[in-house]
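Bear in mind that the values in this text are calculations on the coordinates, not laboratory data. As the structure is a prediction and not an experimental result, all values here were calculated from the model. All Cβ positions, glycine included, derive from the backbone under ideal geometry; neighbour counts span all protein chains shown.
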């Protein structure tokens with residue numbers, strides 16, 4: 001065993017710690033739940049915690065690894081949520097067993113979000129910095145707006161689609177509405193469980209961590225650090241940028257699937273799929289450490305749990321987030337403060353940070 | 001006739017966007033940063049006028065002036081506290097900070113004023129001009145006139161005064177400007193001051209036309225005004241005017257003729273098309289003269 005452990009290099013070790021962390025949290029939570037120590041309020045938070053963790057990890061792929069600020073992440077989540085919920089409603093009872101149908105729904109959500117990520121990425125990734133951020137925000141809002149005007153129904157003649165109103169679908173009396181414009185989708189099967197959420201987090205981590213430490217991941221990070229230098233050594237900029245962006249979108253889609261199947265009603269509101277959500281995910285990523293995958297999960301979990309634990313602070317939640325966001329940026333960009341902090345950190349941790357900045 | 005009425009409404013809304021876009025475009029030209037919090041300064045300005053008029057019973061004109069001064073101070077303070085320490089930081093860091101400031105203002109307003117919608121009393125007397133079947137409200141006229149006056153004053157300020165020349169120099173090359181003895185920090189503060197005061201005026205005009213005030217009132221117009229600034233060519237003052245008015249007209253016409261739910265999507269669609277086809281905007285060539 002000890003020989004085996006020594007053979008593992010640093011990144012593998014770090015990855016294993018991340019996986020182990022998730023698994024241990026899962027075991028502890030399961031023990032607490034079976035012991036009856038978890039309130040129903042907390043139980044209701046378990047699946048959203050998984051959703052936020054996946055979102056934070058996937059956004060970190062765009063912001064931390066690719067180095068582009070995306071403010072439309074909730075849009076991809078929205079696509080994943082609505083496509084998979086539609087799929088689940090259409091195939092509910094047709095595809096058995098339910099677990100298999102949910103697996104397909106996850107794939108549907110991921111594939112659609114990934115395709116949209118690719119389609120949106122082609123124009124968007126030509127832009128840089130602020131422009132890219134504002135265009136991703138625009139796309140996110142467009143997706144939310146369009147979802148709100150879609151009407152989809154099914155009757156004996158097949159599937160009807162309209163963007164005007166329910167009446168213009170021209171359905172039979174016994175037809176069933178699937179998407180009702182601003183009212184969204186109701187009666188989605190609630191398949192999401194904490195266990196599935198944890199498995200999806202592990203899958204997300206597996207995909208992202210393996211990507212980061214692969215040849216492609218190194219190419220993506222090379223583009224982030226110096227685009228021109230990366231291009232001059234023969235890295236295909238467009239290909240790797242699109243790869244990172246669409247994988248990030250697909251994973252956000254997975255989070256959307258989990259979100260959609262958690263509650264039986266799904267509506268696209270500014271609160272859940274608007275840019276407020278995108279910014280909240282960004283807060284998780286920034287506070288967890290840009291480019292630090294494990295940090296994203298920790299930040300997502302802590303920041304979702306804390307306001308629930310300290311009920312009285314709920315009104316101040318967003319205010320505190322914003323202050324922390326500003327303070328983090330100012331402190332981490334101030335050499336003097338950072339040097340002071342580094343002095344207190346053990347040398348082992350401080351060293352790689354220095355190497356990276358060079 | 002109806003079309004002309006929509007067109008005038010569009011120009012009026014566009015004028016508001018243009019005034020907001022000026023703040024974006026000036027700050028972007030000089031500090032090279034997207035001031036995400038600009039839209040929320042609109043909201044702060046509107047709340048100040050709301051309180052001054054309905055709680056303190058002040059004269060509307062006086063309250064607009066008070067609001068402009070308060071926002072001017074707010075803009076300078078934000079710049080000093082949040083943006084100045086990040087002058088040489090990465091763009092990502094600055095943008096995230098700006099988002100943080102935007103959130104801070106929104107949630108401060110939420111705590112102070114509550115989430116309830118306040119109905120804003122228009123600062124403009126409720127008279128209207130009738131031309132046959134066409135009715136133009138006083139708000140529309142005041143908005144358009146205010147926009148034109150602001151544009152003329154700002155252009156004169158930038159081209160004729162010493163401070164204006166300093167702004168042009170800083171936007172051209174910050175280091176060279178500093179070597180020529182221009183106080184770069186003061187110039188950037190001045191830009192934030194002007195932009196924020198204009199935002200207050202824009203807020204009053206916006207809320208006079210659309211009289212519902214919430215802590216989130218400023219966010220969407222702010223983003224749309226940024227779209228307008230990009231549309232017209234960021235950094236250019238005439239560009240902000242053209243972009244703003246075009247965007248206002250597009251928004252009102254698509255609300256009237258296509259779908260009111262999709263109008264935001266159409267506005268953002270315009271932004272995407274502009275950025276993909278001509279990333280420098282309509283007046284993009286003038287970008288060397290950006291302010």
At q = 0.10, 0.13, 0.19, 0.22 Å⁻¹, the log10 of I(q)/I(0) for the stretch A:99-234 from a Debye sum over equal Cα scatterers comes to -0.57, -0.86, -1.26, -1.36
If one builds a Gaussian network model of chain A from Cα atoms under 10 Å apart, the most fluctuating residue listed among A:226, A:145, A:334 is A:334
Highest mean packing first, using Cβ neighbours within 10 angstrom, the peptides A:252-262, B:126-136, B:257-267 sort as A:252-262, B:257-267, B:126-136
Taking max minus min of the Cα coordinates of the protein assembly as shown on each principal axis, largest first, gives extents in Å of 80, 72, 52
Rg from C-alpha atoms of the stretch A:1-95, normalised by the globular rule of thumb 2.2 N^0.38 Å, equals 1.51
Note on the stretch B:2-289: contact order normalised by length, alpha-carbon pairs under 8 Å, 6 or more apart, percent, works out to 37
Full extension between residue A:332 and residue A:11 adds, at 0.36 nm per residue less the Cα distance, a length in nm of 113.1 nm
Output field shielding_mean for A:321-332 (other chain Cβ, 10 Å radius) holds 6
Per-residue average of other protein chain Cβ atoms inside 10 Å, peptide B:36-44 -> 1
In nm, the gap between the two label points placed 7 Å beyond Cα toward Cβ at residue A:161 and residue A:292 is 4.5
Using eta = 0.890 mPa s and T = 25 °C, Stokes-Einstein with Kirkwood Rh from Cα pairs puts D for the stretch B:205-291, in µm² s⁻¹, at 182
Taking a ≥ b ≥ c as the square roots of the Cα gyration tensor eigenvalues, with a/c under 1.5 meaning rounded and otherwise prolate when a/b beats b/c or oblate if not, the stretch B:1-90 comes out oblate
Residue A:214 and residue B:1 label points (each 7 Å along its Cα→Cβ direction) are spaced in nm at 6.7
Short to long, in 5 Å steps from zero, the percent of alpha-carbon pairs of chain B per bin is 1, 6, 12, 17, 19, 17, 14, 8, 4, 2, 1, 0, 0
Semi-axes in Å, largest first, for the stretch B:1-153 (Cα gyration tensor, √(5λ)) are 32, 20, 14
For chain A, the longest principal axis of the Cα atoms and the Cα long axis of helix A:194-212 enclose an angle in degrees, to the nearest 10, of 50
Within the stretch B:1-31, the residues whose backbone N lies under 14 Å from a label point placed 7 Å from the Cα of residue B:135 along the Cα-to-Cβ direction are B:2, B:5-6
A correct fewest-to-most ranking of A:19, B:103 by other Cβ atoms within 10 Å would be A:19, B:103
Rounded to the nearest 10 degrees, the helix A:275-288 long axis (Cα) sits at an angle to the longest Cα principal axis of chain A of 30
One finds the C-alpha centres of the stretch A:222-284 and the stretch A:123-170 to be spaced, in Å, by 18
Taking 0.36 nm per residue of separation between residue A:344 and residue A:33 and subtracting their Cα-Cα distance, the length gained on full extension comes to 108.1 nm
Taking max minus min of the Cα coordinates of chain A on each principal axis, largest first, gives extents in Å of 72, 55, 46
Subtracting the Cα-Cα distance of residue B:127 and residue B:56 from 0.36 nm times their residue separation yields 23.1 nm
Plugging the Cβ-Cβ distance of residue A:43 and residue A:236 into 1/(1 + (r/R0)^6) at R0 = 41 Å yields, to the nearest 0.05, a FRET efficiency of 0.30
Chain A: relative contact order from alpha carbon pairs under 8 Å, six or more residues apart, as a whole percent, is 29
What helix-only [θ] at 222 nm does the protein assembly as shown give? Using -39500 (n - 2.57) per DSSP H run of at least 4, over all residues, to the nearest 500, the answer is -23000 deg cm²/dmol
Per-residue Cβ contact counts at 10 Å, fewest first, order B:17, A:26 as A:26, B:17
Each label sits 7 Å from Cα toward the beta-carbon; between residue B:152 and residue B:277 the label points are separated, in nm, by 3.3
Here the whole-number average of other chain Cβ atoms within 10 Å per Cβ of B:261-271 is 5
Quick calc, residue A:94 & residue B:91: beta-carbon distance into FRET formula, R0 35 Å, rounding 0.05, result 0.10
For B:41, B:51, B:149, ascending order of other Cβ atoms within 10 Å (fewest first) is B:149, B:51, B:41
Helix B:91-113: inclination vs chain B longest Cα principal axis, degrees, rounded to 10, gives 40
